[in-house]
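As structure tokens, the structure follows; a few thoughts come after it.
The values are calculated or read from the model by the stated rules, or taken from the named source; none is laboratory data. Computed from a prediction, not measured in an experiment: that's the story for all the values here. In this analysis, Cβ positions are derived from the backbone assuming ideal geometry, glycine residues included, and neighbour counts consider all displayed protein chains.
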Amino acid sequence: MLERFERVAVFGGVYSNHLALAALLEDARRRSVDAIFCLGDLGAFGPNPDKVFPLLRAGGVSAMAGNYDQSIASDLGDCQCGYTDPRDNHYAHLSYRYTYGRTSSENRAWMRTLPAEIRFMLGRYRVLCCHGSPRRTNEFLWESTTPTHFIDKLAVAHDADVIAGTHTGIKWHRRLASDRHFVNVGVVGRPENDGRTNVWYSILDARPDFTVTFVPLDYDHESLAREMEIEELPREFVETIRTGWWSTCLEVLPAKERKKGRF
Amino acid sequence: MKAPLVKLEALDHLWFQVTGTLCNLTCHHCFISCGPTNHAFEQMTLESIRDALEASRRHGVKEYFFTGGEPFLHRQMVEILEETLEYGPATVLTNGTLFDEAGLARLARAEGRSLYSLELRISIDGFTPEQNDPIRGKGTFQRAMRGVRQAVEHGFLPLITVMRSWGEDEDHAVFEGFVDTLRSIGYARPRIKLLPPLRIGREEKRSRGYGNDEVVTEEMMVGYDAGALICGHSRVLTDRGVWVCPILIDAPDGKLGDTLEESFDAFALRHRACHTCWLNGSICSNPSSNAAGLDVAGKRASS
Ligand code: SF4
Ligand code: SF4
Ligand SMILES: [Fe+2]
């Protein structure tokens with residue numbers, strides 16, 4: 001029997017942004033959700049990865065593994081994003097080494113216990129939480145490269161009415177025929193490449209019909225930026241936190257998403 | 001030795017050999033030896049493409065790719081792309097020498113209306129005429145650069161694809177060279193993808209063919225994520241049937257059937273170009289569709 005809820009908060013991509021995570025946990029409680037789910041990618045990008053774990057536990061968050069967690073937990077050596085741009089690769093490598101070096105072995109062991117997917121009922125809807133897609137942890141499902149009939153196929157193949165994922169860093173929602181849904185819940189770790197400093201998480205509600213609310217979340221991003229500077233993380237990463245524009249790892253963006261950004 | 005079988009895990013990528021083997025150029029590295037007089041494959045009709053787009057829904061296709069030859073030799077190419085964008089994301093692999101302003105304007109509007117991305121992939125094989133023209137033909141550098149500028153002026157961010165005709169240790173320098181050159185002609189945020197050479201067709205004569213040791217064995221497929229190979233997630237429609245991948249168009253046994261439904265059998269990696277795929281994964285996909293990597297259980301796939 002799957003657990004049943006009416007209203008839940010779902011987020012992904014913490015990327016060591018413990019300040020945004022703390023803000024999210026408070027915000028979600030205020031919005032009286034029944035449960036909170038994290039779709040993975042706890043580390044990367046931000047400072048002091050170990051600060052994330054106690055927050056997740058104290059917040060009663062049900063978490064699953066993302067590609068980054070699989071990599072760090074088992075030291076696979078990189079983030080599995082498959083960059084070919086030498087600059088992207090350079091930064092990806094830097095943040096991987098940093099995150100791996102600063103994640104305690106207890107936390108890495110805990111990450112190995114995270115499930116690869118989470119299922120629950122939201123009202124009458126069967127929800128499947130995945131990281132990239134239900135079939136691959138690191139598959140990018142971008143709004144502009146994911147046809148509706150393709151999501152239909154996934155939903156049928158994986159017995160789901162609602163598929164929730166993250167991984168790309170940009171939120172979106174598509175309603176399929178027959179009231180099925182795909183939701184990319186966004187990420188709380190870094191802003192969305194839109195020139196704003198806030199990050200995003202999602203509230204899924206089924207009282208009685210399915211709705212998704214994308215929640216913009218402000219947090220003390222200046223403190224995070226300063227902490228990243230103290231940790232000597234790449235200046236480009238810090239800039240993204242301060243400006244809301246991505247300046248690295250851009251090669252995986254499809255044309256439409258890339259055009260919306262500045263770089 | 002038995003060649004390993006790769007089964008079609010999902011029909012994610014549907015390719016169209018839209019102008020057959022007809023091209024306005026005759027590049028020395030063309031792995032299917034296209035040119036103005038190569039009629040091995042002819043153009044596809046708009047009707048046959050429409051039928052395939054409709055059928056593709058049933059198969060849950062994720063992305064559509066158009067190649068040739070040179071796709072923009074097809075008089076209805078703009079229409080074809082407009083219609084495809086109603087189904088899903090479209091990518092067109094072009095040499096960039098045949099754009100016209102009206103067509104680009106229509107394509108920009110079509111992408112604007114659509115939920116989906118239109119990727120223009122322009123092949124250029126060096127960031128100077130001295131590097132590019134000996135491979136692609138005299139004057140092609142200037143013409144392709146003009147194409148890039150036209151595309152950029154219409155709001156596109158074309159993906160420049162470059163076949164690696166140098167040693168891997170020079171990747172970084174070539175990459176930076178491209179970035180600088182493209183910026184200097186007004187392409188402020190260039191997107192670049194480096195491709196390995198496929199040592200078949202005319203490329204076999206230009207550099208070298210495959211060595212006897214460049215084969216894929218069953219042993220090499222142990223623990224390997226075959227779904228990341230093009231043949232593991234794609235099929236190619238042509239005017240004369242369905243092929244296993246865009247690379248083996250010249251291979252008679254690359255044909256798997258007359259219709260899409262007949263083409264879903266597994267394929268044995270007995271061709272030597274398969275070795276390049278084995279090393280490099282899904283070389284013909286876009287960076288945004290990273291098909292390789294981890295399965296949901298977190299098992300490490302191809303590296
Ligand atoms: S490589 Fe492309 S542009 Fe050159 S001849 Fe072949 S199909 Fe034409
Ligand atoms: S050439 Fe590449 S894509 Fe084609 S059958 Fe061989 S391995 Fe598969
Ligand atoms: Fe991820």
Any residue in segment B:245-256 that is farther than 15 Å from B:H275 by Cα sitting within a Cβ distance under 6 Å of a residue that is assigned to a helix (DSSP H, G or I) and modelled with pLDDT of 95 or more? List the pairs, counting only those 6 or more apart or interchain. B:L256/B:S263
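When you check B:L53 against the structure, is it surrounded by fewer than 16 Cβ atoms within 10 Å (Cβ to Cβ), more than 9 Å from ligand 1 (Cβ to nearest atom) and either of a type in the set (K, R) or farther than 20 Å from B:A144 by Cβ (or both), yes or no?
On the way: surrounded by fewer than 16 Cβ atoms within 10 Å (Cβ to Cβ): no; more than 9 Å from ligand 1 (Cβ to nearest atom): yes; either of a type in the set (K, R) or farther than 20 Å from B:A144 by Cβ (or both): yes.
In short, no.
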Hey, A:I36 hits all of (1) touching a helix residue (DSSP H, G or I) at 6+ places or on another chain (Cβ under 6 Å); (2) over 24 Å from A:G123 (Cβ atoms) but one; which does it fall short on? (2)
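Looking at A:G195, A:G186, can you tell me which residue is within 16 Å of ligand 3 (Cβ to nearest atom) and part of a loop (DSSP other than H, G, I, E, B)?
Working: A:G195 fails: within 16 Å of ligand 3 (Cβ to nearest atom).
The conditions single out A:G186.
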Cβ pairs under 6 Å, 6+ apart or interchain, first in segment B:265-288 and among the hydrophobic types (A, V, I, L, M, F, W, C), second more than 10 Å from ligand 2 (Cβ to nearest atom), ordered by first then second residue, are B:A266/B:L5; B:A266/B:K7; B:A268/B:L5; B:I283/B:L195
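Kindly provide the set of residues from segment B:105-130 that are in contact (Cβ under 8 Å) with a residue 12 or more places away in the chain, more than 13 Å from ligand 1 (Cβ to nearest atom) and away from every other protein chain (no Cβ under 14 Å), ordered by number. Explain how you work it out, then say what you get.
At the first step, the residues of segment B:105-130 found to be in contact (Cβ under 8 Å) with a residue 12 or more places away in the chain are B:105-108, B:110-111, B:113-114, B:116-129.
Subsequent filtering for residues that are more than 13 Å from ligand 1 (Cβ to nearest atom) retains B:105-108, B:110-111, B:113-114, B:116-120, B:126-129.
Answer for segment B:105-130, where residues must be in contact (Cβ under 8 Å) with a residue 12 or more places away in the chain, more than 13 Å from ligand 1 (Cβ to nearest atom) and away from every other protein chain (no Cβ under 14 Å): B:A105, B:R106, B:G126, B:F127, B:T128, B:P129.
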Of the residues A:F37, A:F53, which is surrounded by 23 or more Cβ atoms within 10 Å (Cβ to Cβ) and either in contact (Cβ under 8 Å) with a residue 60 or more places away in the chain or over 13 Å from the mean Cα position of the chain (by Cα) (or both)? A:F37
Can you tell which of B:F175, B:F141 is assigned to a helix (DSSP H, G or I), more than 14 Å from chain A (Cβ to nearest Cβ) and without any contact (Cβ under 8 Å) to a residue 40 or more places away in the chain? B:F141
Quick check on my filter: what residues within segment B:131-148 are buried (at least 17 other Cβ atoms within 10 Å of the Cβ), under 19 Å from B:G186 (Cβ atoms) and either over 21 Å from the mean Cα position of the chain (by Cα) or aromatic (F, W, Y) (or both)? B:F141
Over segment A:89-108, the set of residues assigned to a helix (DSSP H, G or I), more than 17 Å from A:L250 (Cα to Cα) and over 19 Å from the mean Cα position of the chain (by Cα) is A:R97, A:Y98, A:G101, A:R102, A:S105, A:E106
